[in-house]
Amino acid sequence: MKGIGTIFSFTFIQHVKQKGYRNVTIIVAVLCLLLPAVIMPAIEYFKEDEAYESKINKVFVIETGIKSDLGADYGILNGADPGRFTDVAYEMESSVEDAAKKAEAEGYSVVLVVDHQEKGYKLDVLLPDETKLNKKDAEAYEAFLLGAFRHILIQKSELEATQIAEITMPIKTMVRDNSVPADESDEYAAAKGVLAKLLPYLNIMVLYFMILAYGQGTANTAIMEKSSKLMDLFLVSVKPKAMLLGKVFATTATGILQIFVWIGGLFGGFALGIHFTKMVNPKTSMALVQLADTFGEFSGMFTIFGVVLALFMLAAGLLLYCSLAAIGGSVAEKPEDLSNTNILFVMVLIISFFATLFAGGAGSDVPWDAVTWQVWMPFTAILVAPTKILLGAMSVPEAIVSLGIVVATATLITVIAGKLYKMMSLYKGNPPGPKKLMEMLRRRA
């Protein structure tokens, strides 16, 4: 491995100094910083007031259908919701035309048509042609009726007050898992449930697109010396395995650096967005703000060691696929050959991606025996294991073994890529197929 440090530093510096790399890194980081900082307070500023107070003060009721006389006092609706429509006058009418004329004369009145059908009730809130109300007033009353009309039906049933209190009593439910020890705290169950659905898909999508981008970059880096006629000079001073390993490590490191810069920008953007949103409305009910306010309470569900292992697994995953892409770069003689020689890298990535999504490994709540093979297979482990490590679905020894398998596989693939790189140094012609490459490796061994 002599000279690997020099290869690593040279490749890393050259990659970071590229104008395209710097521009993409800076532009995406700025967008990650500015978009949440602008969008979150803008949403809070322009959102409609959820507590809109309708100006309706009188409702003319017409009952139609199978049974046109419910025999109910609609005034009971004034007590259905203490915060809305508590002082509305209700008057029964026989026709919509008569009700509409009276509603026009009142100014702040609407017409409610209650149609008793075979499968239930249909409620229509109608605005008269001439009115001081607007559509928002009618929609607010309609939303109120969706929950309040059951009081009319309960009154119609002629139940006693105690019976009505029983059937309107709120019910709370909770699902408990007998496999969880009785003394284990349940305070993080809700937060883990949300993260278990969000993190796996976020991890898979981010890694998928980063692997596509940096895998291609690794292959191009491996082939660069061939096209610039510098390979002979490198092979004299540096062993092929050391050179390939240094290049793969350097390309992976630039990708990890870019990801952390973007994550830093995203965290900063959400911090600014939350701050500006609270400036717009200190009592905001925005879900992201509430999640951030309560995040400190949930910090106990993560362990430092688990977070570190999850990050190492992400880095090892990027390294693994970059090593696989290096095989395509080692076999190709010129950049245009990569479309053929990198087919192995593309196929393994796509198969692993869909195997993870459709084999039940995306969620952290999937039974362990259903995903065992995925965390031990290196190409799928990087898509499955980070979330399971972070949320405690894998033990520390299991996580370390899975990480070791990924690192060992990446090292083995890089060694093979180094051998192919050396064998192909004087090869001329079309890139050989997989069968011929295997024969060349066996003769070399």
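The values are calculated or read from the model by the stated rules, or taken from the named source; none is laboratory data. Predicted, not measured: the structure shown is a model, and the values here were computed from it. Every residue, glycine as well, gets a Cβ built from its backbone with ideal geometry; the counts of neighbours run over all protein chains shown. Just the protein is used for accessible areas: all its heavy atoms, side chains included, with ligands, DNA and RNA removed. Shrake-Rupley method; radii C 1.70, N 1.55, O 1.52, S 1.80 Å.
Here is how the numbers come out for the structure above:
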item	result
Placed amide H near Val61: partners under 5 Å, 5+ positions off or other chain	Glu91, Met92, Glu93, Leu112
Area accessible to solvent at Glu91, 1.4 Å probe radius, in Å²	60
Shape category assigned to the range 81-161 from the gyration tensor of Cα positions, a/c cut at 1.5	prolate
Listed peptides 252-262, 413-423, 347-357 by packing density, highest first (mean Cβ within 10 Å)	413-423, 252-262, 347-357
Shape category assigned to the range 1-127 from the gyration tensor of Cα positions, a/c cut at 1.5	prolate
Most to least accessible of Ile56, Ile263 (protein chains only, probe 1.4 Å)	Ile263, Ile56
Cα lying deepest toward the dipole's positive end in the range 1-124, options Met92, Tyr108, Val30, charges on Cβ	Val30
